[in-house]
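What follows draws every value from the coordinates through simple rules; no lab data is involved. Because the structure is predicted, anything quoted here is derived from the model rather than measured. Neighbour counts are summed over all protein chains in view; Cβ atoms, including those assigned to glycine, are modelled from backbone coordinates with ideal geometry.
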Amino acid sequence: QVFLCVTSTLNVALFRHHFVLEDLVEEMKKQSPDLNFGPLQPDGQIAVRGSFPALRVLREFLLLKAKSLSEEGKREGKSHQKPRKKLQEHRGAAETRNSRNEHREKQVLVLDTDIYLYMKCFLPKKLQANDAVISGVTDGDITTVCIESAGREAGAARRSRAKEIIESCSVELQKILRKERICLKEQSRGEKQRYKQLCERLKARYPGLLILPYDTHIDVVGTSADVFAFREEVRR
């Protein structure tokens, strides 16, 4: 197992006008006792370290809080609206709002970024669905995947089904994938370039590996056998 522990930086600043952030962090700690929390920064960011499933539970907890605040704001906004003079006009406006709200409804799930990138590269059909738009927003080690309706015909059942497929695939990949990091921090610019070129040449011999080059390191994601063999060739 490789994806045992990850670190994510969460930004809870959006809750500043609704909660005392220090109290919110304490609630987060009670909600996720298996996670390690860093100090809360003045800008509302906080580093959290632990297992990916535990981080996913925490992210879902915060998303639910944000959603409840959004719904509360909508209810308050509606209570200040003036009533329509005609029932027909009121009904038409309500139907318009409902259709727009339905169109904006979405399913959200959180994935390890390496898992998401591997899925996107080798299993792209898992991130596709009829009448739905699936997009990912990466924030460091975690990627938030949004599943939204592409049209009025796509209901909650299809979005939920797409979410289940992605979650199931993610769980299976976590069981079989391994990640190896080739550190380049101490290497010269020439050595970094040599490593990247070598990895690029070896890629054809390991078609099932995902190779992610960065400025300070190269991540290699794949099965244990492929990652081990690739690492040994790079070290020669």
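Per-residue 3J(HN,Hα) values for segment 219-236, derived from phi via the Karplus relation 6.51 cos²θ - 1.76 cosθ + 1.60 with θ = phi - 60°, read 9, 10, 10, x, 5, 4, 5, 5, 5, 5, 5, 5, 4, 5, 5, 5, 7, 5 Hz in sequence order (x marks Gly and Pro).
A cut-off of 5 Å between modelled amide H atoms, ignoring neighbours fewer than 5 places along the same chain, links R178 with G222, T223, S224.
Take the residue pairs K29/K175; K67/K126; K126/K179; K29/K185; K65/K120 and return only those whose Cα atoms are more than 31 Å apart. If you can, show how the numbers build up before the last one.
Values: K29/K175 27 Å; K67/K126 26 Å; K126/K179 21 Å; K29/K185 34 Å; K65/K120 29 Å.
Where the Cα-Cα span goes over 31 Å, the pairs concerned are K29/K185.
In this rough spin-label picture, where each label sits 7 Å from Cα along the Cβ direction, the D219-A150 distance is 2.8 nm. Annotation for E233 and D34: the two label points, set 7 Å from Cα along the Cα-Cβ direction, are 3.6 nm apart. Taking Cβ atoms as reference points and 9 Å as the exclusive limit, the residues near L10 contribute a net charge of 0, counting Lys and Arg as +1 and Asp and Glu as -1. Packing-based ranking of 164-175, 48-59 yields 48-59, 164-175, ordered from highest to lowest mean Cβ neighbour count within 10 Å. The calculated FRET efficiency for E200 paired with E27, based on their beta-carbon distance and R0 = 30 Å, is about 0.05. The share of Cα pairs per 10 Å bin across segment 194-236, counted from zero up to the longest distance, runs 28, 64, 7 percent.
Over the residues of segment 114-187, compute the C-alpha Rg and express it relative to 2.2 N^0.38 Å. Working shown, then result.
Working: Rg = 15.0 Å, N = 74, 2.2 N^0.38 = 11.3 Å.
In units of the globular-protein estimate, segment 114-187 measures up at 1.33.
Scan segment 178-227 for trypsin sites (Lys or Arg not before Pro) in coil per DSSP, keeping those whose Cβ has at most 10 other Cβ atoms within 10 Å, and list them by number. Within segment 178-227, the qualifying trypsin sites (Lys or Arg not before Pro) (loop, at most 10 other Cβ atoms within 10 Å) are K185.
Looking at the P(r) of segment 1-68, how many percent of alpha-carbon pairs lie beyond 13 Å?
Working: 1429 of 2278 pairs.
Across segment 1-68, Cα pairs with separations above 13 Å total 63 percent.
Given a Förster distance of 22 Å, report the FRET efficiency between Q128 and S160 from their Cβ-Cβ distance, rounded to the nearest 0.05. Calculated transfer efficiency: 0.90.
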